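J.: One structure, pasted below without further comment.
What follows draws every value from the coordinates through simple rules; no lab data is involved. Owing to the predicted nature of the structure, the values given are computational and were not obtained by experimental measurement. Positions of Cβ are backbone-derived with ideal geometry, glycine not excepted, and every protein chain shown enters the neighbour counts.
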Amino acid sequence: MAEATPTPTNPPPKNVASLKDLWPFLKPYRLQAGIAFVLLCLASGALLLVPLAFRDLIDVGFGSTKTTSLAHHVNLNTQFGVLFGLAAFWALMVASRYYTVSWIGERVTVDLRSAVYHRVLNQSPQFFETLQTGEVLSRLTGDTTLIQTVVGSSASMGLRSLFQFVGGMIMLAVTSFYLFSINIGLMIYLILPIMMIGRSVKKLSRESQDRIADSSAMAGEILNAMPTVQSYTQEQREIKRFTASAELSFVTAIRRVRVRALLTAVIITAVMGTIIFVLWLGARQVSQGVMTGGELASFVLYAAMVAGSVSTMAEVWGDIMRAAGATERLLELLHTKSPIQESTTPIALTQHLQASISFQNVHFFYPSRPLSPALKHINLNIQAGETIALVGPSGAGKTTMFQLLLRFYDVISGCIL
């Protein structure tokens, strides 16, 4: 029996917090994620030791009197060997981390696509009345690719840059606390513009993905109806429509790119300006004998490392904002419940015999045409074993009645027994 049932409402789309809903897809691969994290820590640690090795090389090479006693007891060839060993170890850890993180990204993307596809296939035809197939395909391809980029690359790069930023700041403080204090004071002012511009990137990213989905949906609709388009010689009109849609997506994407470029320019300019100012102070301390040339060199390397980390984190933040918009769109599909719900108290069939069918005051309209009833006050009784024919012009509701019998849709009012 099919009766009129209320259409469930979908949960509201989430904002940037929607990224945490990717955890169920990451949870099965916690071991691989843990291995990648350990490799990341080892690689970052090795890289942080390189400036110290350069410091000793410079001080020993120039015969500085303030060189540590350990550096004096190790000859120059050994120090170069240690430096090469650090570089080789760092390269091995980076390669291993890259493979592991890329594997996780590919695996999570496959699982996410499968979950979305499974959810879509469980929807009733009513779902496809209001959502075009091209948009679903856009979410399955374009949006999941953005998430793959974040999970399989950007997230790892962000963590690596964060570790190098924190470690570099600590080593800057150890090398020269005076220069470090000035450096950290100036860099605090960079946080506010990153947050403000990053929010704009997220908003524009979602808008850009929506425009791309609109273009894909339009193309899918027209390509599936090419005989109709050609029979009415509407090729040029449809070409113009798609070109206008593609141009709109381009304009939206350029707006996002412009804001992201501004974010990158602001951060790099501010960070490099801060570093140059601090290095100017350091050069004066070397000329006054307060620091050695090796200490200043290591400070420069750590400062460059911090600057590179900040620049990378800015790029990663932009990717995360784009992935947040893509995740929202995918979660809308994952959280969508079919309006056709199974009864909590189904009636079991007692015998496998022919059954009668009864339409009792059935009223129905398609979701895409709510103002145009497809069936209105239909009453029909078909006895068991009876054969009848439904005759009527196109649009009279013959196919609609069969779809209601198959329960592709629920009736608006009345019931089918």
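J.: Taking the highest mean first, how do the peptides 256-268, 232-244 order by number of other beta carbon atoms within 10 angstrom per residue?
T.: The peptides rank, most packed first, as 256-268, 232-244.
J.: Oh, and also: If amide H atoms are built 1.01 Å from N in the plane of the peptide, which residues on other chains or at least 5 residues away come under 5 Å of the amide H of SER124?
T.: For SER124, the qualifying residues are ILE340.
J.: Now, a different point. Can you grab the distance from the C-alpha centre of region 238-288 to the C-alpha centre of region 390-417, Å, no decimals?
T.: 57 Å
J.: Please work out which option in [x] 79, 52, 44; [y] 108, 52, 35; [z] 65, 63, 47 gives Cα extents along the principal axes in Å calculated from these coordinates, and answer with its label.
T.: The value matching this structure is [y].
J.: Evaluated at 10 °C with a viscosity of 1.306 mPa s, what Stokes-Einstein diffusion coefficient in µm²/s does region 357-416 have when Rh comes from the Kirkwood expression over alpha-carbon pairs?
T.: The diffusion coefficient I find is 132 µm²/s.
J.: Let me ask you something else. Please turn the phi angles of region 23-29 into ³J(HN,Hα) values with the Karplus equation 6.51 cos²θ - 1.76 cosθ + 1.60 (θ = phi - 60°), one per residue in order, whole Hz, x for glycine and proline.
T.: Result, rounded to whole Hz: 4, x, 7, 8, 4, x, 10.
J.: Of the peptides 182-189, 288-295, how do they stack up when ordered by the mean number of other Cβ atoms within 10 Å, highest first?
T.: Ranked from most to least packed, the peptides come out as 288-295, 182-189.
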